[in-house]
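Worksheet for the structure shown next.
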Amino acid sequence: MIPARKLLLLLTAWLAVTGAPSRAAEFYTEDLRIPMAAAGPQGLEAFLVRPAAPKRYPLALLSHGSPRSFDDRATMSAHKYYGIALEYARRGFAALIVMRRGYGTSPGGRVDSVGGCTNAAYLPAAAVAVADLRAAIDAMARRNDVTTSGMIAVGHSAGGLATVALTAQAPSGLVAAISFAGGRGSRDDDEVCNPDGLVQAFATFGKTSRVPMLWVYASNDHFFGPDLARRFHDGFRGSGGNATFVAAPPYGEDGHYLYSVAGRPQWTPIVDTFLREHALGSRDILSPPDPLPTPRQLGEAARGEFARYLASTTPHKAFAVSPKGGYGWRSGRATIEDAQRDSLAACMKWSPTCTLYAVDDRLTDAQSARAP
């Protein structure tokens, strides 16, 4: 466990490296279901993050990867990408994380299957993903706080492949796209199903893709290694696609996870350079939400738990306290109401007089009134 003092220092250091101005920005979040006939009445799970100021923000459409184990898809959630989405919201976008069919609570089962490993078929699977992304774009085009004019698309791993495929059938308003470690079919470290077929899929997309793209692969990526990644790029560019390839330095034990909350100091400067080159995003990067003040009644161990609450980037979360220093908190809940209920229940195991102190990144109204 990280000591409370060290964790607070880490939080402060991250604020410093992001170049945050003295006054932190506020952000608006919303849970959504994207209407799509093929997804049935439930639609697709999605989560929106944008600056709080009322205006229309260009869409940043974020697409997730695909775990090697099919069973892991059910545990995925749009909320888990909040920390990444926040980086695009800080740059003036309305960032939408959409869970494609078969992931998280989006129905669909194995609709995007590539089939058997030897003859894995990537084009039909990519077509399924593109249909889901287009449904999300259509839904965002009907909002009064989002514009699809000047939008960007960003994807990781299988979501990177889906993003490349989207550029091959570029919707109106798409001006740039980013693929981090794009690909599909990794079944084990440095082992990819039908790699020649995957290279050919990228070459096929390059025939009609003309949107400027940024491709980023870490040199120690164990899903799609450097040599294979270069083959993807060569096939795409050789067919006419427009992509800038960045060979990023090694990251952790597996560079496939460079595009993560922990990897922000390494990948955000790459994104910023690309956005500046294409005159996209806000000129001034908004700072993250301010860390909340620690409840005064908490002891040293409890202060460490509050620091962990602040560090959690998985909404929805809540922190409850009692007058004598009891506490309880929960994160990663489906709704704000669930987070409030569960944190109060955890606190009330120690005290019958618990109240909510914070919900997500904000103090409750009662605590805000007391704050200096």
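The values are calculated or read from the model by the stated rules, or taken from the named source; none is laboratory data. Quick caveat, the model's predicted, so the values are computed rather than measured. Neighbour counts run over all protein chains shown; Cβ positions are idealised from the backbone, glycine included.
For this structure, a couple of remarks:
- The listed residue being among the small types (G, A, S), touching a Leu at 6+ places or on another chain (Cβ under 9 Å) and at pLDDT 95 or above, out of G182, G206: G182
- Single residue of the range 134-155 satisfying the filter (part of a strand (DSSP E or B) and of a type outside the set (G, A, S)) that is surrounded by the fewest Cβ atoms within 10 Å (Cβ to Cβ): T147
- Lone unmet requirement of (1) more than 30 Å from K349 (Cα to Cα); (2) surrounded by 14 or more Cβ atoms within 10 Å (Cβ to Cβ); (3) touching a residue at least 12 places away in the same chain (Cβ under 8 Å) for D284: (2)
- Evaluation of P293 against (1) farther than 30 Å from T147 by Cα; (2) under 23 Å from the mean Cα position of the chain (by Cα); (3) modelled with pLDDT of 90 or more (one fails), failing number: (2)
- Sub-7 Å Cβ pairs linking a first residue in the range 184-199 that is closer than 18 Å to D72 by Cβ and in contact (Cβ under 8 Å) with a residue 12 or more places away in the chain to a second residue that is surrounded by fewer than 18 Cβ atoms within 10 Å (Cβ to Cβ) and hydrophobic (A, V, I, L, M, F, W, C), at least 6 apart or interchain, are R187/C117; C193/C117, ordered by first then second residue.
- Among the candidates N119, N144, the residue that is of a type in the set (S, T, N, Q) and touching a helix residue (DSSP H, G or I) at 6+ places or on another chain (Cβ under 8 Å) is uniquely N119.
- The condition of being among the aliphatic types (A, V, I, L, M) and farther than 27 Å from T314 by Cβ holds for L280.
- Condition broken by W267, with the remaining ones in (1) assigned to a loop (DSSP other than H, G, I, E, B); (2) at pLDDT 95 or above; (3) within 18 Å of the chain's Cα centre (by Cα) satisfied: (1)
- Hits in the range 286-336 - residues which are among the β-branched types (V, I, T) and either outside any loop (DSSP other than H, G, I, E, B) or more than 30 Å from A46 (Cβ to Cβ) (or both): T294, V321, I336
- Filtered residue count, the range 21-35, keeping only those that are part of a strand (DSSP E or B) and surrounded by 15 or more Cβ atoms within 10 Å (Cβ to Cβ): 7
- Any pair with Cβ under 6 angstrom, 6 or more apart, that starts in the range 212-230 at a residue that is surrounded by 22 or more Cβ atoms within 10 Å (Cβ to Cβ) and ends at one that is outside any loop (DSSP other than H, G, I, E, B) and among the hydroxyl-bearing types (S, T, Y): L214/T244; W215/S179; F223/S186; A229/Y217
- Residues that are within 18 Å of A39 (Cβ to Cβ), touching a Gly at 6+ places or on another chain (Cβ under 9 Å) and crowded, with 21+ Cβ neighbours inside 10 Å, drawn from the range 114-127: A125
- Close pairs from the range 262-279: first under 11 Å from V246 (Cβ atoms), partner surrounded by fewer than 18 Cβ atoms within 10 Å (Cβ to Cβ) and of a type in the set (G, A, S), Cβ under 9 Å, at least 6 apart: W267/S260
- Residue among A320, A279, A311, A302 that alone is of a type outside the set (S, T, N, Q), surrounded by 14 or more Cβ atoms within 10 Å (Cβ to Cβ) and at pLDDT 95 or above: A320
- Taken together, the criteria place G238 among residues that are surrounded by fewer than 17 Cβ atoms within 10 Å (Cβ to Cβ), without any contact (Cβ under 8 Å) to a residue 60 or more places away in the chain and not hydrophobic (A, V, I, L, M, F, W, C).
- Some residue of the range 23-35 being over 18 Å from the mean Cα position of the chain (by Cα), on the phi < 0 side of the Ramachandran plot and at pLDDT 95 or above: yes
- Of all residues in the range 41-81 being touching a strand residue (DSSP E or B) at 6+ places or on another chain (Cβ under 7 Å) and among the hydroxyl-bearing types (S, T, Y), the one that is farthest from R134 (Cα to Cα): Y81
- For the range 355-364, the criterion of being more than 21 Å from D290 (Cα to Cα) and either assigned to a strand (DSSP E or B) or modelled with pLDDT under 90 (or both) is met by at least one residue.
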